[in-house]
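Accompanying notes for the structure given below.
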Number of protein chains: 2
Amino acid sequence: MSFRFRVEATAGAARAGVFFTPRGPVETPAFMPVGTLGTVKALDPDDLTAMGAGMILANAYHLHLRPGDDIVRALGGLHRFMGWSGPILTDSGGFQVFSLATLRTVSEDGAEFQSHIDGSRRAFTPESVIHIERNIGADVIMQFDHVIPGQSDAPAARDASERSLRWLARCRREFARLVREDRGAPTPDQALLPILQGGVHAELRREAAAAIAGMDDWAGYGVGGLSVGESKAAMYATLDVVDEALPRDRPRYLMGVGFPEDLVEGVRRGVDLFDCVAPTRMGRNGTVFTSDGRLNVKRADFRADPRPLDERCDCAACRRFSRAYIRHLFIADEMLGLRLLSLHNVHFLLSLMRDLRSALLSATFDGWSRDWLERYHSRPAPVP
Amino acid sequence: MSFRFRVEATAGAARAGVFFTPRGPVETPAFMPVGTLGTVKALDPDDLTAMGAGMILANAYHLHLRPGDDIVRALGGLHRFMGWSGPILTDSGGFQVFSLATLRTVSEDGAEFQSHIDGSRRAFTPESVIHIERNIGADVIMQFDHVIPGQSDAPAARDASERSLRWLARCRREFARLVREDRGAPTPDQALLPILQGGVHAELRREAAAAIAGMDDWAGYGVGGLSVGESKAAMYATLDVVDEALPRDRPRYLMGVGFPEDLVEGVRRGVDLFDCVAPTRMGRNGTVFTSDGRLNVKRADFRADPRPLDERCDCAACRRFSRAYIRHLFIADEMLGLRLLSLHNVHFLLSLMRDLRSALLSATFDGWSRDWLERYHSRPAPVP
């Protein structure tokens, strides 16, 4: 198979590795910037290349609604459509359907929901989602899963987890059928990844991991249903369970996570891939990740501050502009401000992952990550 | 003096030249992208460099209100503040005060107005505006002038034109005083430019041109009070008068103009410098300049159109993206759409100016500009 994973160094559960894809290798641990609608908000694909992004993420639910996965396919697939030649992963829409709350009903067949754009009635099944993800043509595609709130009790979590397993089997069958028929998908060589559910219930996570691993030799494993309302402690404890339960020779992708500190804690618990809208969404709100914690760029005391956002950062915003200038852009509603903070925050996470990887390769990971967390949490300048 | 202008080729009134400034030469004819608040909207300074922008424009009125010209000065001047090392020109705010309509009163001393941001009472005098422009530190700074509507009758136009002349004398005195005192302006070497007013009244334009030229040996001449409501025919006729009336050995800057066709018509009438918010403002509305006229990128028939915005364009949008993709970005309210159209439209004008210059240097200007206008106006696809 054209997807391979090679572990190059470890420290406890943490690993440095390479995830090989048909569109190039992805050095792990890696943060994947999120381009929900086929664009990482406020950034240009050239920015992502310049920042050294490896794999990026898009969303099947959103691209199905706009512009339509048929359009993406007609235009040669998502890579060509959005001008990104590196690897892409699509999430299936399970999380988006979950987010629609009262606008959706889930049954064994699939999910019915109202489009958040025009209110039209829509239905997703495991089969239709795989069809959409084939049309979009990402390299790595996620199964359609049943996501539930993080505080769900064991019976509800078991119900959703077991349904997700049955949906995985259906996704796998449909994927195999479409590959066999070779429907001329723009990306013929795709990997379908399962998503491990089970909430914060260790036993459910272990059962699901065993069931998934028994079904196929997957190219990697998604870990879903975390960072959806449970406590950080519960998330970290669950990650410890998942690390034990999943095969060690495949990449683990913790979906929708996260904040800088979550990435470090996740890597310490054996996670290889992450994605999150936080760096761009928070950037658009004026929040800046720095090695000393978060800042809000709109702070009045930045009005004439000549320093860069983060004096330890070498991103294209920090190399060129002062806090005073970026604050001015935000106060004046200038788009460049949104772009510069998105750029800085995404660069911050990509750079953090590179540092963690270096520390793993040079066998200094434990000390490095402990020091980093301590400095980050000590934040001398709290967010106002 | 460190500002010089060299004419390299002519064709009738049209000229190709070089405007030398302390921050580098500007090849003319030139379009200056507008960065009102110290940023060309939706673009990064690196984009402007990549597109080959020469001089750019900012606005004293706007920067005085936000972030404050004192802040810009404290941060080392506008070049450093906004990360642009090429030449910058600041408009004085005469046009902005004019645009405030009912919120302002003009007297011999200056203009009183209400800030469009917080409604606070403000007053500009020729002296205070020069002080502001010294603080901002652009290379070329415009006098404070009295702008009136394009349809104004001769008595009103005479009144405003003569007041602008008196204000020019006051600007010149204050500028000389500040230079003499060397108040440590971030850009010690600035050129103050007069602005020719007089509406569409040929005699007033001639009188004002003579009065201005009699006052000093200016580094260049602004032409104001056009593209403010008068007909295109009246604007072009006035430009013919202005071309005869102004010295030929200095650059002429037609303020606030314009659209692609206006640039070509202006160059044919002896104009060397232009600025206008149209390329970025129209870009943010989805309107695209092409060599066949304007397009609106939101058109339904672009939904699956794989072609670039303009097949004759080599900008960073047209090299990489389809109409279908950019339409999708607009429909989905993605910022990259605003950036790509702003980029395309600014590139279109910069590239048009380069083509006009080449045609002048190769003595093919008359035919080239006639053909260009014919093609542009034939627009097979009118704006819906």
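Here are some notes:
- Selection from the range B:196-234 of residues that are under 15 Å from B:R248 (Cβ atoms), assigned to a helix (DSSP H, G or I) and under 22 Å from the mean Cα position of the chain (by Cα): B:A209, B:I212, B:A213
- Scanning the range A:266-281 for residues that are open to solvent by less than 30 Å² (accessible area, probe 1.4 Å) and over 14 Å from A:P251 (Cβ atoms) turns up A:C276, A:A278, A:P279, A:T280.
- Residue check, B:L343 more than 22 Å from A:H79 (Cα to Cα) and in contact (Cβ under 8 Å) with a residue 60 or more places away in the chain: no
- Among the residues of the range B:147-200, those identified as over 27 Å from B:P87 (Cβ atoms) and of a type in the set (V, I, T) are B:I148, B:V200.
- Which numbered condition A:E181 misses (of (1) on the phi < 0 side of the Ramachandran plot; (2) at pLDDT below 95; (3) open to solvent by less than 80 Å² (accessible area, probe 1.4 Å)): (3)
- Residues in the range A:160-215 that are in contact with a strand residue (DSSP E or B) (Cβ under 7 Å, 6 or more places away or on another chain) and under 20 Å from A:D109 (Cβ atoms): A:S164, A:C171, A:R172, A:F175, A:L192, A:P194, A:I195.
- Residue list for the range A:311-332, filter: assigned to a loop (DSSP other than H, G, I, E, B), more than 17 Å from A:L48 (Cα to Cα) and more than 9 Å from chain B (Cβ to nearest Cβ): A:E311, A:R312
- Qualifying residue in the range B:133-145 (condition: within 23 Å of B:R206 (Cα to Cα) and acidic (D, E)): yes
- Within the range A:117-153, restricting attention to residues that are of a type in the set (D, E, K, R) and out of contact with any Ser or Thr (no Cβ under 6 Å at 6 or more places or on another chain), the residue that is least open to solvent (accessible area, probe 1.4 Å) is A:R134.
- Listed by first and then second residue, the pairs with beta-carbon distance under 9 Å, at least 6 apart or on different chains, first residue in the range B:35-56 and more than 12 Å from every other protein chain (Cβ to nearest Cβ) and at negative phi, second open to solvent by 30 Å² or more (accessible area, probe 1.4 Å) and part of a loop (DSSP other than H, G, I, E, B), are B:M55/B:R23.
- A:L352 part of a helix (DSSP H, G or I) and within 14 Å of chain B (Cβ to nearest Cβ): no
- Selected residue [crowded, with 16+ Cβ neighbours inside 10 Å and of a type in the set (S, T, N, Q)] from A:T10, A:T102, A:T28: A:T28
- Tabulated pairs, the range A:76-91, first open to solvent by 20 Å² or more (accessible area, probe 1.4 Å), second at pLDDT below 95, C-beta under 6 angstrom, 6+ apart or interchain: A:G76/A:P186
- Taking each residue of the range B:118-133 that is of a type in the set (D, E) and looking for partners that are open to solvent by less than 30 Å² (accessible area, probe 1.4 Å) with beta-carbon atoms closer than 7 Å, six or more apart or interchain, yields B:E127/B:E174; B:E133/B:A60; B:E133/B:T90; B:E133/B:S92; B:E133/B:I141.
- All positions within the range B:48-63 that are assigned to a helix (DSSP H, G or I) and either among the aliphatic types (A, V, I, L, M) or open to solvent by less than 20 Å² (accessible area, probe 1.4 Å) (or both): B:L48, B:A50, B:M51, B:A60, B:Y61, B:L63
Rundown of residues vs (1) of a type in the set (G, A, S); (2) open to solvent by less than 10 Å² (accessible area, probe 1.4 Å), yes/no style:
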residue: B:A208; (1), (2): yes, yes
residue: B:I212; (1), (2): no, yes
residue: B:V223; (1), (2): no, yes
residue: B:A234; (1), (2): yes, no
residue: B:E244; (1), (2): no, no
residue: B:P251; (1), (2): no, yes
residue: B:M255; (1), (2): no, no
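- Given (1) more than 10 Å from every other protein chain (Cβ to nearest Cβ); (2) crowded, with 21+ Cβ neighbours inside 10 Å, index of the condition A:R4 fails: (2)
- Residue in the range B:282-310 that is farthest from B:L43 (Cα to Cα), counting only those that are away from chain A (no Cβ under 12 Å), aliphatic (A, V, I, L, M) and open to solvent by 10 Å² or more (accessible area, probe 1.4 Å): B:L295
- With respect to being open to solvent by 20 Å² or more (accessible area, probe 1.4 Å), within 28 Å of A:A123 (Cβ to Cβ) and of a type in the set (D, E, K, R), A:R73 fits the description.
- Breaking point among (1) in contact with a helix residue (DSSP H, G or I) (Cβ under 7 Å, 6 or more places away or on another chain); (2) open to solvent by 40 Å² or more (accessible area, probe 1.4 Å); (3) of a type in the set (D, E, K, R); (4) more than 30 Å from A:R80 (Cβ to Cβ), for A:E203: (1)
- Output for the range B:1-45, where each listed residue is acidic (D, E) and over 19 Å from A:L338 (Cβ atoms): B:E8, B:E27
- Residue satisfying all of: in the range A:64-102; assigned to a helix (DSSP H, G or I) and more than 14 Å from chain B (Cβ to nearest Cβ); farthest from A:V277 (Cα to Cα) among these: A:T102
The values are calculated or read from the model by the stated rules, or taken from the named source; none is laboratory data. All values derive from a computational prediction rather than experimental measurement. We place every Cβ from the backbone using ideal geometry, glycine too, and count neighbours over all the protein chains shown. Areas reflect the complete protein model, heavy atoms only, side chains present, ligands, DNA and RNA absent. Shrake-Rupley method; radii C 1.70, N 1.55, O 1.52, S 1.80 Å.
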